[in-house]
Amino acid sequence: MISKVFNCCGLACSVLGLTSFKHIDTNCQDIPNIVFILADDLGYMDVGAFANHVTGVNPDEMYYETPNINRLVNEGEAFSSAYVCPLSSPTRSELLTGKYAATMGFTTALPFRNTWYMTAQQPPQGAYIHDAIQHADPIKIEQAWNNGKSNAAIPAGLPIDEERKCIMLPEALDGYHTAFVGKWHVGGMGADGYQPHDRGFDEVLAYFDAGGSVHFNWRDVWDDKSKRRFPKMPQEEWMVGKAGKETGQSYLTDDLTERALDYIDSRVKCADKKPFLLYFSHFAIHTPLQAKEEHLAYFDKKSTKGWNNHQDPVYAGLLKSLDESVGRILDKLDECGIAENTLVVFMSDNGGIAGKITPGGLFTDNTPYLGGKATLFEGGIKTPLIMRWTGRIKPGQWCDVAVDACDIFPTLLEIGGIDPTPYYEIERIDGRSLCPLITDVNNESQKYPRNTFMFHYPFNVAFYNPVDGYNLTPHSAIRSGDMKLIFDWHGRFYLFDMKKDPYERKNLAAELPEMTNKLFMELLVWLEQNVQKQYWPTVNPAYDPAKEVRKESPFVNLIEVYKNGGDVVKAAAVPDMSKVVIQ
C-alpha cells in the first residue's frame with residue numbers, strides 16, 4: 001500500500017511504502033509474459049499495415065518494408081489513434097509511470113546537457129535537481145518566448161529528490177521477472193540512482209541513457225565511465241550505459257536483439273517459472289541514420305522508391321532491421337512454445353521525422369498527416385500501437401478510440417493480474433487500462449473512461465512549422481472527444497474536428513469560437529494545476545516586434561488577453577490551412 005502521498009512542487013509523485021498491490025482475478029487462465037517493443041522515431045505511415053489502413057494501398061506497392069510489424073497487426077489489435085508526446089523522453093516517462101510527462105517536468109528530449117546535478121550546483125527555489133540548466137536550438141529569427149525548462153530524470157525517491165518519487169512499471173509489476181534492453185533516456189544523462197538497474201528491473205541486458213546512438217562501434221561510448229563530459233558530477237563514475245558482453249553482432253539493432261532472444265531463452269529454462277516482462281527499447285530508427293550495406297544496396301535499387309515521398313535507402317534499411325528484429329522475437333516466442341501465453345505490445349515514441357520540416361535530411365514523410373516529430377500536429381504525436389495476445393485478443397481488429405502512452409502502465413498491470421485502481425486513486429496516474437478495448441473496440445460500454453488528452457511542448461525548435469515554414473514556437477494542445485485545439489503560444493489557434501478532418505486541413509477556431517474558448521480554458525486550467533511554472537515558456541523581454549518575420553500573425557500573448565478578460569479568439573491569429581506552406 002502507499003504510505004505517503006503528495007504533490008510536490010507541482011510534480012505528481014509519491015513515496016512508496018510496500019510495493020505489493022492487490023492482485024485481481026483477470027479473465028486469463030495464466031498471467032502472461034509481456035514483451036514490450038518500443039521503436040524510436042517510427043512514423044505512422046512508415047508501417048505498411050498502418051499506411052494501408054489510411055490509404056488502401058497494398059504494402060507490396062510501398063517503399064518501406066515492415067512484414068513482421070504487419071504480422072502483429074494481422075494477429076492482434078491495432079490502435080489507429082494512439083497518441084504520444086512529440087519527442088522521446090517525455091513519451092518514455094509516460095510509458096513507465098502512467099503520468100503525463102509535463103507533470104513530471106519532462107517537456108522535451110534532451111541531448112547531453114548540463115543539469116544542476118551534473119554540475120554539482122544547488123537548483124533555484126522550486127527547481128528540480130535534474131532539470132537542464134539551459135536548452136535551446138540555434139534559431140536566428142526573433143523569439144517572443146524564452147524556452148521553458150525540462151527535467152531529465154524520473155524522480156527516484158533519493159534524498160536529493162526531496163521526497164519526490166514516481167513509481168515505475170517494473171517496480172509495480174509484482175510477481176514478474178523484469179528485464180530492460182536498449183534506450184533509457186530518462187536517467188538524468190547517466191545520473192547514479194536513476195538507471196534501469198536502479199528502478200526495478202531485475203536484469204539490464206544493455207542500456208544507454210541518451211537520445212541516440214551510433215549503430216556501429218557503439219560499445220566504447222556506452223561503457224564510458226569517465227567524468228570527461230561532466231567533470232563536476234557528484235558521483236565516482238558516469239552511469240551512462242552498459243554495452244554488455246560481446247554478441248558477435250556489429251550492428252546495434254542486431255546486437256540488442258540477440259540479447260533479447262537470449263533473455264527469453266533463459267526465462268523459459270528458468271526453474272522459478274515466473275512470468276517475465278521484457279522491455280525492449282530500440283534506438284532504431286533514430287539518427288544517426290546508419291544501415292547495413294545489404295539493405296542499402298537493396299533499397300537503393302527498389303522500384304517503388306518515392307512512394308509517399310519515401311525515398312531514403314538509409315532510412316528504409318534502418319527500418320528494415322527494426323522489422324527483422326520484431327520478426328526474430330515473434331519467431332523465438334513460437335520456437336519456445338510461449339506465444340499463446342505472451343502479450344506482445346509494439347509502439348513508437350513519437351511521430352516520424354518529417355523531411356519536409358526537418359533541417360538537413362530526407363528522413364520520412366507522414367503524409368497525409370501534417371507535420372512530424374516535434375510538432376503537435378497528428379504527424380508528430382500519432383504513432384502505431386499494436387497488442388497481440390494469441391488466443392486472447394481477436395486477430396486483425398482495429399480500435400479507432402483515442403488512447404495515449406499513459407495507458408500502457410495500467411494496462412500491463414491489469415493484464416499482469418495487478419489491480420491498477422490504487423494507482424488511479426492514490427498515485428493519481430493519468431492513464432487508464434486499455435483492457436476494455438480488447439473486447440469492446442468501439443468502447444460502446446464506456447468502460448475505457450478517457451476522452452481528453454493533454455500535450456505541452458514549451459520550446460522554440462529548429463524544426464519548421466508546416467503552416468508558415470518558420471521555426472516552431474512553443475505549443476500546447478488538448479484533444480477532447482473529437483475536437484483538438486492546438487494553442488501556439490505565439491498567438492495562434494488551430495481547432496480541428498478529428499472525426500471529420502483527421503488530417504487537419506480545416507481550422508475551425510474562428511468558426512467555432514465557443515468551442516475554442518472552452519478548450520483553451522480547459523488547457524490553461526490543466527497547465528495551472530499540474531505543470532510547474534518553470535516548465536512553461538516565459539515572455540522574452542528582448543523580443544523586438546519590428547524584427548518579427550511572421551507578418552501574417554504578429555505575436556499576441558493570449559494568456560494575458562484571457563486573464564484580462566479579453567476575447568482570445570478575436571485576438572488570436574487563425575491560420576488558413578489551405579495555405580499551408582510545407583506540404
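The values are calculated or read from the model by the stated rules, or taken from the named source; none is laboratory data. Because the structure is a prediction, the values reported are computed rather than measured. A quick note on method: Cβ atoms are made from the backbone with ideal geometry, for glycine too, and the neighbour counts reach across all protein chains shown. Note: accessible area is taken over every heavy atom of the protein model, side chains too, but ligands, DNA and RNA are not part of it. Shrake-Rupley method; radii C 1.70, N 1.55, O 1.52, S 1.80 Å.
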Does region 438-453 contain any residue that is assigned to a helix (DSSP H, G or I), in contact with a Cys (Cβ under 9 Å, 6 or more places away or on another chain), open to solvent by less than 30 Å² (accessible area, probe 1.4 Å) and in contact (Cβ under 8 Å) with a residue 40 or more places away in the chain? yes
Name the single residue, out of those in region 235-261 being out of contact with any strand residue (DSSP E or B) (no Cβ under 8 Å at 6 or more places or on another chain) and within 26 Å of residue 158 (Cα to Cα), that is surrounded by the fewest Cβ atoms within 10 Å (Cβ to Cβ). 236
Sort out which residues of region 466-494 are more than 20 Å from residue 519 (Cβ to Cβ) and outside any strand (DSSP E or B), and write them in order of number. 466, 468, 469, 470
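Listed here are the residues, each with its yes/no results for (1) outside any loop (DSSP other than H, G, I, E, B); (2) closer than 16 Å to residue 257 by Cα; (3) touching a residue at least 60 places away in the same chain (Cβ under 8 Å).
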site	(1), (2), (3)
290	no, no, yes
294	yes, no, no
302	no, no, yes
324	yes, yes, yes
330	yes, yes, yes
352	no, no, yes
Residue count, region 507-525 (criterion: touching a residue at least 40 places away in the same chain (Cβ under 8 Å), of a type outside the set (Asp, Glu) and surrounded by 15 or more Cβ atoms within 10 Å (Cβ to Cβ)): 9
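Residue-wise test of (1) open to solvent by less than 10 Å² (accessible area, probe 1.4 Å); (2) part of a loop (DSSP other than H, G, I, E, B); (3) without any contact (Cβ under 8 Å) to a residue 60 or more places away in the chain.
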position	(1), (2), (3)
178	yes, no, no
182	yes, no, no
185	no, yes, no
194	yes, yes, no
197	no, no, yes
200	no, yes, yes
205	no, no, yes
210	yes, yes, no
214	no, yes, no
Take the residues in region 555-574 that are in a loop (DSSP other than H, G, I, E, B) and surrounded by fewer than 17 Cβ atoms within 10 Å (Cβ to Cβ); name whichever of them is nearest to the chain's Cα centre (by Cα). 557
Failed item in (1) open to solvent by 50 Å² or more (accessible area, probe 1.4 Å); (2) aliphatic (A, V, I, L, M); (3) touching a Lys or Arg at 6+ places or on another chain (Cβ under 7 Å); (4) under 22 Å from residue 199 (Cα atoms), with residue 156 passing the rest: (1)
Of the numbered conditions (1) open to solvent by less than 10 Å² (accessible area, probe 1.4 Å); (2) of a type outside the set (Val, Ile, Thr); (3) at positive phi, residue 407 fails exactly one; give the number of that condition. (3)
Go through region 381-404 residue by residue and tally those that are of a type in the set (Lys, Arg) and surrounded by fewer than 24 Cβ atoms within 10 Å (Cβ to Cβ). 2
Please enumerate the residues belonging to region 99-126 that are of a type in the set (Ser, Thr, Tyr), part of a loop (DSSP other than H, G, I, E, B) and under 18 Å from the mean Cα position of the chain (by Cα). 100, 107, 108
Only one of 552, 528 that is open to solvent by 50 Å² or more (accessible area, probe 1.4 Å) and touching a residue at least 60 places away in the same chain (Cβ under 8 Å): 552
Filter region 267-290 for residues that are surrounded by fewer than 21 Cβ atoms within 10 Å (Cβ to Cβ) and under 18 Å from the mean Cα position of the chain (by Cα) and give the result. 287
From the residues in region 359-380 that are closer than 15 Å to residue 40 by Cβ and of a type outside the set (Lys, Arg), which one is surrounded by the fewest Cβ atoms within 10 Å (Cβ to Cβ)? 363
